[in-house]
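Everything below concerns the one structure shown next.
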Amino acid sequence: MRALGHLGVLEEKPGRVFAATELSNLLVTNAGPSMGHFAMHITEPCQWDAWKQLETCLHTGVVPFEQANGKSVYEFTRDNLGVVMCSSMR
């Protein structure tokens with residue numbers, strides 16, 4: 001929490017109490033326009049795994065997401081409707 005306070009995502013108040021800031025309000029997913037779902041999407045394991053394949057795929061021409069997950073991003077989304085990816089596309 002203190003690291004987020006240092007970055008301006010939260011505000012640390014006396015007594016180790018943390019409050020929302022203008023920046024953290026952008027991450028709230030149930031109140032108006034939000035970057036929260038997108039932030040969750042780009043940190044999903046399926047995305048991190050694709051980045052791990054990038055160097056190999058640059059040499060082979062294979063799509064990193066497909067190499068890491070065994071299917072295209074569209075097939076993955078179809079087969080995993082409950083993942084955050086769908087919410088980030090709103």
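All of the numbers you see were taken from the coordinates with simple rules; none came from a lab. Quick caveat: nothing in here was measured; it's all calculated off a predicted structure. Here Cβ is always computed from backbone atoms with ideal geometry, including for glycine, and neighbour counts include all displayed protein chains.
Among the residues of region 28-73, what is the count of those that are among the basic types (Lys, Arg) and touching an Asp or Glu at 6+ places or on another chain (Cβ under 8 Å)? Walk me through it before giving the result.
Filtering region 28-73 for residues among the basic types (Lys, Arg) gives 52, 71.
If we keep only those that are touching an Asp or Glu at 6+ places or on another chain (Cβ under 8 Å) too, we end up with 71.
Count: 1.
Taking region 7-26 on its own, how many of its residues are touching a helix residue (DSSP H, G or I) at 6+ places or on another chain (Cβ under 7 Å) and either surrounded by fewer than 12 Cβ atoms within 10 Å (Cβ to Cβ) or among the basic types (Lys, Arg) (or both)?
Within region 7-26, residues that are touching a helix residue (DSSP H, G or I) at 6+ places or on another chain (Cβ under 7 Å) and either surrounded by fewer than 12 Cβ atoms within 10 Å (Cβ to Cβ) or among the basic types (Lys, Arg) (or both) number 1.
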* To do: Residues being over 24 Å from Gln47 (Cβ atoms) and in a loop (DSSP other than H, G, I, E, B): count how many of those fall in region 1-37.
  => 8
* To do: Test Met35 against the criterion of being without any contact (Cβ under 8 Å) to a residue 24 or more places away in the chain, in contact with a strand residue (DSSP E or B) (Cβ under 8 Å, 6 or more places away or on another chain) and surrounded by 10 or more Cβ atoms within 10 Å (Cβ to Cβ), and give yes or no.
  => no
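Any idea which of Cys57, Cys46 is in a helix (DSSP H, G or I), surrounded by 15 or more Cβ atoms within 10 Å (Cβ to Cβ) and either more than 16 Å from the chain's Cα centre (by Cα) or basic (Lys, Arg) (or both)? It would help to see each step written out before you state the result.
Numbers: Cys46 fails: either more than 16 Å from the chain's Cα centre (by Cα) or basic (Lys, Arg) (or both).
Of Cys57, Cys46, the one residue that is in a helix (DSSP H, G or I), surrounded by 15 or more Cβ atoms within 10 Å (Cβ to Cβ) and either more than 16 Å from the chain's Cα centre (by Cα) or basic (Lys, Arg) (or both) is Cys57.
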